1. Tell me, what is the Rg over Rh of the stretch 48-95, with Rh the Kirkwood radius over Cα pairs?
2. Set the Förster distance to 30 Å, then compute FRET efficiency between residue 95 and residue 34 from the Cβ-Cβ distance, nearest 0.05.
3. With runs of 4+ DSSP H residues as the only contributors, calculate the mean residue ellipticity of the chain at 222 nm using -39,500 (n - 2.57) per run, divided by the residue total and rounded to the nearest 500.
4. Could you state the number of Å between the C-alpha centres of the stretch 47-120 and the stretch 9-28?
5. Normalized C-alpha radius of gyration of the stretch 18-87, against 2.2 N^0.38 Å?
6. Taking all pairs of different Cα atoms in the stretch 1-158, averaging 1/r and flipping that mean, what Kirkwood radius in angstroms comes out?
7. Taking the mean number of other Cβ atoms within 10 Å as a proxy for protection, how do you rank 113-125, 11-23 from highest to lowest?
8. Over the Cα atoms of the stretch 1-42, each weighted equally, I'd like the Debye log10 I(q)/I(0) at q = 0.18, 0.22, 0.23, 0.35 Å⁻¹, rounded to two decimals.
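Bear in mind these aren't lab numbers, they're just calculated from the coordinates by the rules spelled out. Computed from a predicted model, the values in this text were never measured in an experiment. Methodologically, a virtual Cβ is constructed for each residue, glycine included, from the backbone with ideal geometry; neighbour enumeration extends over all protein chains shown.
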Ligand SMILES: Cc1cc2nc3c(=O)[nH]c(=O)nc-3n(C[C@H](O)[C@H](O)[C@H](O)COP(=O)(O)O)c2cc1C
């Protein structure tokens, strides 16, 4: 059966996860920028970096697909906020609901992984956005910060790498389970 890993990655951490998953499962991985063919795929694993809550490339890639066309849809988000905190998962789910039709959202199996960030590598636009957010959060009592806000404040200006390939295990387990 046909399966594909499609990834949306600006700075490379999601690509690293996608390439590792591809190596471990022998499912080909391709960037969403290459506009891969998704019709006729039995299983789509979409992996995308989180940018202001949105999953990079997700809406563009899935906009023409209906749940009837794909048997299995996996969505794996990669962000700086800690996925072991329930608030992170809740927030990611809320923003996914805005990016997907309710049928696709119900159909998808969701996973959240932790990524990386190097402030030295950010494009000017991203660096400016982060600086503005940092300034506004600094003026706010920390009790009011969301989990994403906290992750931003903890890592601001630094080079951090939370990529952990073992976190792919639940994705692989689910892939194997469903293909039995
Ligand atoms: C402008 C900007 C916005 C971001 N927004 C979020 C966010 O809303 N939630 C989050 O968890 N991480 C956020 N991040 C962190 C990225 O999701 C994280 O660095 C991720 O690993 C990037 O994936 P990539 O390296 O594949 O592009 C943001 C980073 C930047 C530069």
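1. Values: Rg = 12.1 Å, Rh = 11.9 Å.
Rg divided by Rh gives 1.01.
2. On the way: r = 25 Å, r/R0 = 0.82.
FRET efficiency, residue 95 to residue 34: 0.75.
3. Numbers: 7 runs with 73 residues, N = 180.
Using -39500 (n - 2.57) per qualifying helix, the result is -12000 deg cm²/dmol.
4. 15
5. Working: Rg = 13.0 Å, N = 70, 2.2 N^0.38 = 11.1 Å.
In units of the 2.2 N^0.38 Å rule of thumb, it is 1.17.
6. Details: mean 1/r = 0.0608 Å⁻¹.
Taking every pair of different Cα atoms in the stretch 1-158, averaging 1/r and inverting gives 16.4 Å.
7. Numbers: 113-125: 15.2, 11-23: 19.0.
Packing proxy ranking, top to bottom: 11-23, 113-125.
8. Each listed q corresponds, in turn, to -0.48, -0.69, -0.75, -1.21.
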